[in-house]
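Undergrad: This is the structure, below, for whatever I ask next.
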Amino acid sequence: MTLPYETQREIELFLLREAKLLDSGEFENWLALYAPEGIYWMPSQPGQTDPKGVASIIYEDYAILAIRVRRLLEARALVLTPMPRTTHLISNIEITKEAADQFVAEATFMCVEHQGDQQRLYSGRHVHHLVRQNGTFRIALKRVMLANCDASHAPMTIPI
């Protein structure tokens, strides 16, 4: 199904805005992109389809994401000294319409997390389930499929 250009572009800009908010440390504005029932999910296995029956790297609902954002803004934890920063690159965006006002947007990504003298590189695919609410989009589910999801990972403080 081909979407109207305006809808396609609006969703692309939404995904790019999300990346910019994370990169600029605007975590409260990033959280506002989520629907109240929104989920942030990072599977631990390639092809994982069940977030609850198999351990995930991250599986957080809106309430837990709000706690994560509060901790990032407090910046008192030693793990956040210096505060990590990210650089996101989003590409190859593909969008399908699921139902009225519901869309699925897939994109490849690279994210570099910078903290002090260290850099960590993450890459893979994002899958966003978006709902249109009050004239804008909200994230109902964001699935971050790391290319190396089954590897060992350091704690991830900033969402990818």
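Undergrad: Taking the residues in segment 133-149 that are farther than 17 Å from D61 by Cβ and at pLDDT 95 or above as candidates, determine which candidate is surrounded by the most Cβ atoms within 10 Å (Cβ to Cβ).
TA: So, considering only residues that are farther than 17 Å from D61 by Cβ and at pLDDT 95 or above, the one surrounded by the most Cβ atoms within 10 Å (Cβ to Cβ) is F137.
Undergrad: Taking segment 1-34, which residues are hydrophobic (A, V, I, L, M, F, W, C), within 24 Å of Y62 (Cβ to Cβ) and open to solvent by less than 70 Å² (accessible area, probe 1.4 Å)?
TA: I11, F14, L15, A19, L21, L22, F27, W30, L31, A32, L33
Undergrad: Could you say which residue among G25, G47 is in contact (Cβ under 8 Å) with a residue 24 or more places away in the chain and assigned to a loop (DSSP other than H, G, I, E, B)?
TA: Selected residue: G25, the only one of G25, G47 that is in contact (Cβ under 8 Å) with a residue 24 or more places away in the chain and assigned to a loop (DSSP other than H, G, I, E, B).
Undergrad: OK, next. Under 6 Å between Cβ atoms, at least 6 apart or on separate chains: pull out the pairs that start in segment 115-126 with a residue that is open to solvent by 30 Å² or more (accessible area, probe 1.4 Å) and end on any residue that is modelled with pLDDT under 90.
TA: Taking only residues 6 or more apart or on different chains, the pairs are Q115/P84; G116/P82.
Undergrad: Taking P82 as meeting all but one of (1) touching a residue at least 24 places away in the same chain (Cβ under 8 Å); (2) of a type outside the set (D, E); (3) closer than 27 Å to D150 by Cβ; (4) loosely packed, with under 12 Cβ neighbours inside 10 Å, write down the number of the exception.
TA: (3)
Undergrad: OK, next. Quick check on this structure: which one of I57, I95 is aliphatic (A, V, I, L, M), over 15 Å from the mean Cα position of the chain (by Cα) and part of a strand (DSSP E or B)?
TA: Of I57, I95, the one residue that is aliphatic (A, V, I, L, M), over 15 Å from the mean Cα position of the chain (by Cα) and part of a strand (DSSP E or B) is I95.
Undergrad: Another question, if that's okay. R125 - would you say it is in a strand (DSSP E or B) and out of contact with any Pro (no Cβ under 8 Å at 6 or more places or on another chain)?
TA: The answer is yes for R125.
The values are calculated or read from the model by the stated rules, or taken from the named source; none is laboratory data. Given the structure is predicted, the values throughout are model-derived calculations rather than measurements. Note that each Cβ is placed from the backbone with ideal geometry, even for glycine, and that neighbours are counted across all protein chains shown. Ligands, DNA and RNA are stripped out before the accessible areas are found, and what is left, the full protein with its side chains, is counted by its heavy atoms. Shrake-Rupley method; radii C 1.70, N 1.55, O 1.52, S 1.80 Å.
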